[in-house]
Amino acid sequence: EYSRIHTSSDGFAVFEAGVADSEYSYTTYVAFSAAKDSFLITVLPTMTPQMDEIRPIVAESLPMIVTVIFLLVLLASRFFSGQIVNPIIRLSGQAASAAIFSPQEAALSDEAAPGAPVFDTGRRDEIGVLSHTLSRLYERLYGSYMALAEKNKILEEENLRQEVFLRATSHQLKTPIAAALLLVEGMKGRVGKYKDTNLWLPEVKKQLLSMRKIVEDVLSLNYHTAQMQPEAVALDILLQELLHSYAVQIENKSLKVNLTGAGAAWGDPEILKKILDNLLSNAIQYTPPGERIEIAIRQEPSLCTAELSVINYGITVSEELLPNLFDPFVTSSETKTGKGLGLYVAAYYSRLCGMKLTVKNGANCVCALLEYTVKIPNMG
């Protein structure tokens, strides 16, 4: 039927011939190779199967072949579907946990892990890219949520403060308004002792000044952080200026005022002046005549924190009053002078500047301590 010759480079040759009769087919291979002094001839006759002979065998084996292929396909699909579906199920579970995750509850719970939930599948394929993208998205949402929650908290505190303060202010203003109206009506009608207008007009002025002071304090509390213009302020120079403005009161009460130390604070000059002015005003107002006031600035160059203390001797604050000392219109029960706004304003502005103001009793003295961070501005 056919014949072929196969040769190789080393002198080896194979002759292939196909022979068939009416029933069978044969293929005979004859190989020729040369030895040192002879030739080697190898003969291999084979029977070539026909398709009619193979077809029954294949037909009998076909169910087993199909079953094996089906099992292999099933196992392979199960494996690859698990590789795809399981990470998606895990991402879905993490997304469900993130949906019910509350940053506020996490901050209050010791068991909760800090920070936002992280989508992690441990893969580097497309699903890994998806999980990484979801993590970045939720981190941004979490950061925005926390920032918004912090702003809402500040706004709630500010609204509550303004509500309480305005109620207290309106109540506190009633007294000088009523007193001024009573004096004006008495002088207008020339009733009794109010006939002498020259004697009672200064009292009316006093009541009006008291009302103006309260209104000024209320308006000054609207000085928000957006209006702040921070700069380095020398506290010792600012204190000397304020003490000079109180020279008459200090001399009238024969007070001894000592200022030691020097240092600068980073903040808005007007706010810092308001804080120090209220601390000095309180100290001068409540210190008994002939006593002393010690003002000290402790600021080490190697440390990033500093403090300013104002200590007035000869008086202490009632222990029952100390917890509420920074509330509006809270004043000492031993005296009725003042409107109880000094420490409230000082504490409010201290928080606005990131400072900490505390007041405590000492040995026959009251110490107002202002702690702050020494911030060096970036000149670059």
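Given their separation in residues at 0.36 nm each and the Cα-Cα distance between them, Val68 and Asn152 gain 23.7 nm when the chain is fully extended. Sorting the segments 241-253, 57-69 by their mean number of nearby beta carbons within 10 angstrom, highest to lowest, gives 241-253, 57-69. Amide H contacts of Ser25: Thr48, each under 5 Å away and 5 or more positions distant or on a separate chain (H built 1.01 Å from N in the peptide plane; Pro and chain starts excluded). Extension gain for the segment Asn324 to Glu203, taken as residue separation times 0.36 nm less the Cα-Cα distance, is 40.5 nm to one decimal.
Remark: segment 14-89 carries 81 Å² of accessible area per residue (probe radius 1.4 Å; ligands, DNA and RNA excluded).
A protection proxy built from the mean count of other Cβ atoms within 10 Å ranks the segments 5-18, 287-300, most packed first, as 287-300, 5-18. Taking 0.36 nm per residue of sequence separation and removing the Cα-Cα distance, the Val14/Val317 pair yields an extension gain of 97.0 nm.
The values are calculated or read from the model by the stated rules, or taken from the named source; none is laboratory data. This one's a predicted model, so the numbers in the text were calculated from it and none came from an experiment. FYI the Cβ positions are ideal-geometry reconstructions off the backbone, even for glycines, and counts take in every protein chain you see. Keep in mind that these areas ignore ligands, DNA and RNA; they rest on the heavy atoms of the full protein, side chains included. Shrake-Rupley method; radii C 1.70, N 1.55, O 1.52, S 1.80 Å.
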